Structure formats: C-alpha cells, structure tokens
Amino acid sequence: MRVLAVDDEQLMLDMLVDRIRQARPQAEVLPFGSSRALLAWLEDTGAPFDAAFLDIEMPGISGIALAQRIKELSPDGNIIFVTGFSQYMAEAFQLHASGYIMKPVSVKAVEEELDNLRRPLPQAQPHRLRVQTFGNFEVFCDGKPIHFSRSRTKELFAYLIDRRGAGSTMGELISVLWEGRPDTGSVRSQLRSLITDLRTTLRQLEEKSIIIKRRDLIAIDPERVDCDYYRFLAGDMTAVNAFRGEYMSNYSWAEPTVGALHSLDARGPEPKEKH
C-alpha cells in the first residue's frame, strides 16, 4: 500500500506520517512538504498510490486545488483531507473525497479512513516476478529464470531490490557498481545504458512499471515483486526459516544487510499489530 502525505508545516507533517505508519505499519508512506513537491513527484513518476492525506490550508496551491490536480493525474487515488477547520467540508465532498480528518490527527481516525476508502484497494494479484536474495541473487518470471544480457544490469536490479523502494542517485549507483572508479561522464553514460537495459528487460516481460524513475533518482516498486527478503522483514515464517545466513552472496556491498538479517533472525520476527 502506498500512501502520500502533504503538509507545509514540518511538525504537522511528521505527526501525520507517524499516525499513518502506526495505522498501517507495512505501508510505504511518502511525505511532501508542499503541494508543488507532491505534484512534481506525480508528474515525474506517474506512480500509482492508494491514498493521499492532504492538508487544506497551504501557501501557493491549496489542498483543494491540489486535490483537483491529483484527480486529473491519478483518478483512482483516494483523497483524504486533513485540516483544523470544518468550513471546507462541503468543498471537499464536492470533489468526491474519500474522507475528512480534523486536526490533531489520531491513529484511530487514520485507521477508520483507510478501512473505509471510497475506492477500495484492488485485490492482490499473484506476483509474476519472484526475487531470490537468500544465497545468490536470482530473478524468476512465471517460474522461469530471467536472463540479463549484462551482469551489471543484474547487479543494478539487485541493488535496487536491496534498497526496498528507496531512491538511489546516479552517484550512489556508480560508487556501488564501479567501486573505486571516479564519477565521470563516461561512467554515467555506462550507467544510463544499464538503466535502459534493465527497463528494456522488464518491458519485454510486461513488468516495466516495477522501475520508478524520479529525475536523478531510480527505485523499484517493492509491492510488485515476491521477494524472500521482504517477506522475512514482514515476519513470514517460511522466509524466516529459509534464511541460512547468506544474502546476495555474489555482491560484497550486500554485507551490511547480511548483518541486519542476522540481528533480526536472532531476535525473531516482531509481532504484527492487529487492526
């Protein structure tokens, strides 16, 4: 589940994000400090979202105007207004908003809105892409191994999987894939070629939307893959039992994650919250 949150006051934004994460611990929550920042992300990525919590009184583009633009870009997304003033309620519902929360935001209010979305979330479909990270890194589509034309293309995908949806800059990717090499125009050209190769490979499998490009950032949509690493973090006992101390053994940069997995394995999966 992907949830967007926007408020021009940092304290209010931090509070809103905290309440959303308490209500939906497994959700991907993306915070924005202004309407323009959220619109730039939507226009740049075209990425889908399930719910957007919008402050109403913001400078520049108000929450109401922002909602109108969001509906044009992502008509299937649920919009939930967050405000300290009740006079906007009629305007909000003229836009067919999913909900309206009064500040201060509570976890219970967020839970109720997410449990009763105007546009219910689609039923999860089986993932066509299965990613194996325990042991060596391998990728399968419909049960068949995927062939990558270049080893570094495969390594690029592995690193994005390791990042779990967090964006990576060109500079970061160069430091990982070409360890010790300076960040030059030639190396950047090679990296752009790898990104194109990866997107082409996924497009041929009809899975191109897994890659999310945001200006100088690139990431994967973690909800579009079945990954043993992700299931381990979610407390899936099958994945926990499958971990034998090895993670992406073919890549040295994966060692910090190995240490984190060992720590979690020793502690045991955290109990899931009930809602």
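The values are calculated or read from the model by the stated rules, or taken from the named source; none is laboratory data. This one's a predicted model, so the numbers in the text were calculated from it and none came from an experiment. Cβ placement follows ideal geometry from the backbone for every residue including glycine, while neighbour counts extend to all protein chains displayed. Ligands, DNA and RNA are excluded from the accessible area calculation, which covers all protein heavy atoms including side chains. Shrake-Rupley method; radii C 1.70, N 1.55, O 1.52, S 1.80 Å.
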Restricting the search to segment 146-156, which residues are assigned to a helix (DSSP H, G or I) and free of Cβ contacts under 8 Å to residues at least 40 places away in the same chain?
Ser151, Lys154
Scan (1) open to solvent by 20 Å² or more (accessible area, probe 1.4 Å); (2) out of contact with any Gly (no Cβ under 7 Å at 6 or more places or on another chain) for the single condition Val105 breaks and write down its number.
(1)
Does Ile61 fit the bill of being surrounded by 14 or more Cβ atoms within 10 Å (Cβ to Cβ) and more than 18 Å from the chain's Cα centre (by Cα)?
yes
Reported set for segment 20-38 where residues are open to solvent by 60 Å² or more (accessible area, probe 1.4 Å) and touching a helix residue (DSSP H, G or I) at 6+ places or on another chain (Cβ under 8 Å) is Gln22, Pro31
Looking at Ile56 and the list (1) touching a Phe, Trp or Tyr at 6+ places or on another chain (Cβ under 6 Å); (2) surrounded by fewer than 17 Cβ atoms within 10 Å (Cβ to Cβ), which single condition is not satisfied?
(2)
Selection status of Ala5, farther than 22 Å from Tyr230 by Cα, buried (at least 18 other Cβ atoms within 10 Å of the Cβ) and not β-branched (Val, Ile, Thr):
yes
Could you tell me whether any residue of segment 126-145 is crowded, with 17+ Cβ neighbours inside 10 Å, in a strand (DSSP E or B) and basic (Lys, Arg)?
yes
Subset of segment 39-49 [over 16 Å from Ile210 (Cα atoms) and either without any contact (Cβ under 8 Å) to a residue 12 or more places away in the chain or open to solvent by 30 Å² or more (accessible area, probe 1.4 Å) (or both)]
Ala40, Glu43
Against the definition (at pLDDT below 90, part of a loop (DSSP other than H, G, I, E, B), on the phi > 0 side of the Ramachandran plot and open to solvent by 50 Å² or more (accessible area, probe 1.4 Å)), how does Gly180 come out, yes or no?
yes
What are the residue pairs meeting all of these: first residue in segment 235-263, first residue farther than 23 Å from Pro25 by Cβ, second residue outside any loop (DSSP other than H, G, I, E, B) and of a type in the set (Phe, Trp, Tyr), Cβ atoms under 6 Å, and 6 or more apart or on different chains?
Ala254/Tyr247; Val258/Tyr247
Please count how many residues of segment 146-177 are among the hydrophobic types (A, V, I, L, M, F, W, C) and either open to solvent by 30 Å² or more (accessible area, probe 1.4 Å) or in contact with a Gly (Cβ under 6 Å, 6 or more places away or on another chain) (or both).
1
Within segment 183-220, take every residue that is among the hydroxyl-bearing types (Ser, Thr, Tyr) and more than 23 Å from Leu30 (Cα to Cα) and give me the one that is least open to solvent (accessible area, probe 1.4 Å).
Thr201
Among the residues that make up segment 95-111, is at least one of them part of a strand (DSSP E or B) and at pLDDT 90 or above?
no
Enumerate the pairs (first residue in segment 199-210 and touching a residue at least 60 places away in the same chain (Cβ under 8 Å); second residue anywhere and open to solvent by 20 Å² or more (accessible area, probe 1.4 Å) and of a type in the set (D, E, K, R)) with beta-carbon separation below 6 Å, excluding pairs fewer than 6 apart on the same chain, so at least 6 apart or on different chains.
Ile210/Arg224
